[in-house]
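Here's the structure, in structure tokens; my notes come after.
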Amino acid sequence: MTYALDPEQKTLEENYLLPTFGRYPVEFVRGEGARLYDVDGNEFLDFLSGIAVCSLGHCNKNVVKAIQDQAAQLMHVSNYFYIQNRGEAAKKINDLLNFGAEEPHNWKMFFTNSGAESNECAIKSPGFAGNRSKGNDGTHTKVIVLKQSFHGRTMETLAATAQDRFHYGLFPLSPVFIEVEANNEEELENTFRVWGDQVAAMVLEPVQGESGVHPISESYMKLVRKLTEENKAFMIVDEVQSGIYRSGAPFAFQLAGVVPDMVTMAKGIGGGFPCGCCAARGRAAEILGPGDHGTTFGGSCLAIAAINATLDELKDEDVLSNVVLVSDYMCHKLETVEGIKEVRGRGLLLGADLEDGISAHDVVAESLTGQNLIINATVGDSTLRFLPPLIITKADVDEFIEKLEAAIKTVEQAA
């Protein structure tokens with residue numbers, strides 16, 4: 001064991017924080033690029049990046065400076081007023097959403113503080129639309145979701161998260177949601193056929209990250225677009241984890257050649273600062289008016305500074321090209337690791353299933369304690385998830401593979 005933890009910090013957190021997280025006994029105090037350092041100065045290779053948050057690695061100098069400069073000038077005034085550079089940030093996101101589009105759309109933004117808030121805004125909007133157009137009786141507000149999805153921890157986004165393990169102790173949940181199997185096109189067609197115009201929207205992740213990194217097929221994405229259009233429902237794409245270049249495109253929906261009505265994002269958009277966004281186009285952008293929705297901190301001065309600096313840096317450093325290049329290299333290297341039987345994902349959102357008898361959670365623990373490597377395991381006991389900063393190099397991947405192989409071998413020998 002090489003990592004370090006200040007015992008006083010551990011005692012304070014145990015006494016004064018709700019026990020909602022099972023924490024590893026390590027305390028990080030500094031970060032740079034793809035590296036983290038604990039209280040004793042031990043170095044760790046980070047292939048989790050704050051769960052897909054630190055897209056530019058830790059403490060990118062330009063993002064740090066933008067936040068520092070803004071903090072010294074103005075931190076917050078509320079959304080009752082205009083602030084500098086918020087419109088510029090919205091236009092940059094608009095341009096990313098139109099990446100490669102033959103016919104660009106005019107996207108409009110609602111800035112948030114997190115992915116869950118972005119999804120709340122997106123799910124709330126079709127409800128407004130359905131009730132207003134159908135007599136406010138609540139019968140035209142159904143939302144189709146995918147089983148094994150994950151959309152957040154608020155009550156409504158948990159109800160949209162079609163995994164039973166997140167629902168225990170919370171019943172009754174919202175009756176709005178209809179669950180279908182991902183990539184089952186026949187079931188999806190039947191569901192729209194049965195529910196008809198009661199369906200207000202369908203929401204899906206292009207890559208289901210929390211349930212084990214399962215990409216949605218291109219044909220399924222196109223079928224969702226076709227059926228929602230035919231039924232005058234909205235297609236909502238949750239890009240909280242897969243967006244902002246992580247998937248090998250600005251947004252993963254662009255890899256399928258579809259254009260949704262609403263897109264939610266957060267995590268990597270602020271380079272580590274808490275911020276997010278719900279984007280809407282066409283009639284989806286005409287639903288919410290003054291008083292229909294709000295936020296105290298979303299789109300505040302500091303968040304906008306972080307978003308602008310992060311998006312500028314991602315573009316200026318051509319991070320997209322790096323993601324495509326290093327992702328291909330990383331997938332190939334992972335496929336050669338003994339103990340791994342399947343690799344899947346998009347870009348630098350990757351998962352690996354381990355051979356039977358190898359515990360993914362044990363591999364995560366051994367990677368941390370024995371190899372100073374930070375990785376993650378998803379639901380179940382067989383899948384590892386890798387979410388490195390988008391700036392990683394092939395050399396970083398080589399080091400990662402060496403450490404991962406050693407950790408898997410140690411776990412196998414101990415089994």
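The values are calculated or read from the model by the stated rules, or taken from the named source; none is laboratory data. It should be emphasised that the depicted structure is a prediction, and the values quoted were computed from it without experimental measurement. Using ideal geometry, Cβ is built from the backbone for each residue, glycine included, and neighbour counts are taken over all protein chains shown. When the accessible area is computed, the model is the full protein with side chains, heavy atoms only, and any ligands, DNA or RNA have been set aside. Shrake-Rupley method; radii C 1.70, N 1.55, O 1.52, S 1.80 Å.
Here are some notes:
- Expressed in Å, the radius of gyration and Dmax of the Cα atoms of the stretch 190-285 are 13.7, 43.
- Around M330: net Lys/Arg minus Asp/Glu count, Cβ-Cβ under 14 Å: 0
- The stretch 208-234-the stretch 346-400 distance, computed between alpha-carbon centres (Å): 27 Å
- Report note on the peptides 117-123, 210-216: ranked by the mean count of other C-beta atoms within 10 Å, highest first, their order is 117-123, 210-216.
- Taken along the Cα-to-beta-carbon direction at a fixed 7 Å, the label points for Y37 and Q68 span 1.6 nm.
- Sequence-distant aspartates and glutamates (8 or more away, or on other chains) whose Cα lies within less than 14 Å of K92: D312, E313, D316
- Neighbours of A201, meaning other residues whose beta-carbon lies under 11 angstrom from its beta-carbon, give a summed charge of +2 when Lys and Arg score +1 and Asp and Glu score -1.
- Tilt relative to the chain, helix 218-230 - C-alpha long axis, 0 to 90 degrees, to 10: 20 degrees
- The stretch 174-213 has equivalent-ellipsoid semi-axes of 21, 13, 8 Å, by the square roots of 5 times the alpha carbon gyration tensor eigenvalues, sorted largest first.
- FRET efficiency for E13 and H105, using Cβ-Cβ distance with R0 set to 45 Å, rounded to 0.05: 0.50
- Cα-based helix-to-principal-axis angle, 360-371 vs the chain, degrees rounded to 10: 50 degrees
- Entry note, the chain: the mean residue ellipticity at 222 nm calculated from DSSP H runs of n ≥ 4, each adding -39500 (n - 2.57), is -11500 deg cm²/dmol after division by the residues and rounding to the nearest 500.
- FRET efficiency for E185 and K232, using Cβ-Cβ distance with R0 set to 25 Å, rounded to 0.05: 0.80
- Carbon plus sulfur fraction of accessible area for the chain, probe 1.4 Å, in percent: 51 percent
- Inter-label distance for F297 and Y80, nm, one decimal - labels placed 7 Å from Cα along Cα-to-Cβ: 2.0 nm
- Protection proxy ranking for 181-191, 272-282, using the average of other Cβ atoms within 10 Å per residue and placing the highest first: 272-282, 181-191.
- Ranked packing of 17-24, 310-317, 245-252, most packed first, by mean Cβ within 10 Å: 245-252, 310-317, 17-24
- Interatomic Cα distance distribution for the stretch 295-415, bins of 5 angstrom, percent: 2, 11, 19, 20, 15, 11, 9, 8, 4, 2, 0
- Mean projected area (nm²) of the alpha-carbon convex hull when the stretch 209-339 is viewed from all directions: 10.5 nm²
- Entry for the stretch 70-119 at q = 0.22, 0.24 Å⁻¹: log10 I(q)/I(0) = -0.97, -1.05, Debye formula applied to identical alpha-carbon scatterers, no solvent contribution.
- Rg/Rh, computed from the Cα trace of the stretch 1-52 with Rh as the Kirkwood radius, has the value 0.99.
- Distance cut-off 32 Å, percentage of C-alpha pairs in the chain lying past it: 37 percent
- Rounded tilt (10° steps) of 301-316 against the dominant C-alpha axis of the chain: 70 degrees
- Residues whose placed amide H lies under 5 Å from that of F234, excluding near-sequence neighbours: A201, M202
- Listed pairs K341/K403; K65/K394; K222/K341 exceeding 21 Å between Cα atoms: K65/K394; K222/K341
- In the stretch 1-120, the ratio of gyration radius to Kirkwood radius, Rg to Rh, stands at 1.05 when only Cα atoms are counted.
- Segment K147-I51, extension gain: residue separation times 0.36 nm, minus the distance between their alpha carbons: 32.4 nm
- Within a straight-line Cα-Cα reach of under 18 Å, K61 can be paired with the following lysines, leaving aside sequence neighbours fewer than 8 residues apart in one chain: K315.
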